[in-house]
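A.B. asks: Can you keep this structure in mind? I'll have questions shortly.
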Ligand SMILES: [Zn+2]
């Protein structure tokens with residue numbers, strides 16, 4: 001039995017056979033960095049067909065409990081991530097930060113274009129549309145205590161994994177990289193093999209973009225440590241095969 005078969009057998013025993021990672025597919029590297037044209041589906045969002053199917057099943061189950069899962073972010077292209085990055089970079093620079101400082105501040109929550117899980121069509125940011133939606137909805141306090149999305153967070157923590165959705169950016173203090181994001185879920189059966197393939201890419205070459213702000217700071221050494229701390233700084237459940 002090889003390692004993949006061993007893991008799959010374990011998942012079967014745990015009743016999680018639907019989460020079994022398949023053999024590593026050969027995804028076009030451009031699709032892993034948001035530069036390709038993926039085949040995506042969804043009404044008010046865009047996901048890979050398999051992730052969309054699982055999402056719709058999960059939403060229907062949540063709806064029975066009065067929770068209306070609304071996707072506020074799903075697929076995002078390289079260009080879209082670059083505009084988010086450049087806007088934040090300019091804002092932090094205008095507040096007096098040096099380039100390196102601005103970059104460290106951006107990567108508390110946002111990714112370098114070409115390194116976002118949102119490029120894959122497997123990851124979503126969700127809120128509860130049955131609750132109030134005002135101002136910036138993706139704030140940690142809105143997902144806890146008497147915040148409007150506390151019931152959604154509790155439901156997702158208990159049930160999302162049954163549909164293959166796992167949380168990459170957990171509250172675990174031992175985790176490095178991006179801060180805790182109770183709203184972000186990833187469709188593991190697809191994103192695990194995609195991450196495995198992604199980690200083999202030459203990132204410096206792939207994410208290069210002439211109008212990326214602060215690009216000079218993002219040298220080979222910086223990217224190597226960022227990939228380790230941030231891209232791999234996720235819950236171990238999403239690193240199962242790596
Ligand atoms: Zn997200």
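The values are calculated or read from the model by the stated rules, or taken from the named source; none is laboratory data. Only a predicted model underlies this, so the values are computations on that prediction, with no experimental measurement involved. Neighbour counts are summed over all protein chains in view; Cβ atoms, including those assigned to glycine, are modelled from backbone coordinates with ideal geometry.
A.B. asks: Conditions: (1) at pLDDT below 95; (2) surrounded by 13 or more Cβ atoms within 10 Å (Cβ to Cβ); (3) within 16 Å of the chain's Cα centre (by Cα). Residue 108 meets all but one. Number of the miss?
C.D. replies: Going through (1) at pLDDT below 95; (2) surrounded by 13 or more Cβ atoms within 10 Å (Cβ to Cβ); (3) within 16 Å of the chain's Cα centre (by Cα) one by one, residue 108 breaks only (2).
A.B. asks: For region 81-92, indicate whether the set of residues that are closer than 24 Å to residue 193 by Cα and modelled with pLDDT of 95 or more is non-empty.
C.D. replies: Yes: one or more hits.
A.B. asks: Identify the residue in region 117-132 that is crowded, with 22+ Cβ neighbours inside 10 Å and more than 12 Å from the ligand (Cβ to nearest atom) and, among all such residues, is farthest from residue 73 (Cα to Cα).
C.D. replies: So the residue we want is 128.
A.B. asks: Further, regarding this structure: Tell me, yes or no, whether region 133-150 has at least one residue that is closer than 19 Å to residue 66 by Cα, more than 12 Å from the ligand (Cβ to nearest atom) and modelled with pLDDT under 95.
C.D. replies: Scanning region 133-150 turns up at least one residue that is closer than 19 Å to residue 66 by Cα, more than 12 Å from the ligand (Cβ to nearest atom) and modelled with pLDDT under 95.
For (1) more than 26 Å from residue 189 (Cα to Cα); (2) part of a strand (DSSP E or B); (3) touching a helix residue (DSSP H, G or I) at 6+ places or on another chain (Cβ under 7 Å), each residue gets a yes or a no:
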| position | (1), (2), (3) |
| --- | --- |
| 72 | no, yes, no |
| 90 | yes, no, no |
| 97 | yes, no, yes |
| 111 | no, no, yes |
| 121 | no, no, yes |
| 135 | yes, no, no |
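A.B. asks: Tell me the residue from 182, 148 that is in a loop (DSSP other than H, G, I, E, B) and surrounded by 23 or more Cβ atoms within 10 Å (Cβ to Cβ), please.
C.D. replies: The unique qualifying residue is 182.
A.B. asks: Pick from region 151-175 the residues that are surrounded by 15 or more Cβ atoms within 10 Å (Cβ to Cβ), within 16 Å of the ligand (Cβ to nearest atom) and assigned to a loop (DSSP other than H, G, I, E, B): which of them is nearest to the chain's Cα centre (by Cα)?
C.D. replies: Step by step, filter region 151-175, then rank; the result is 168.
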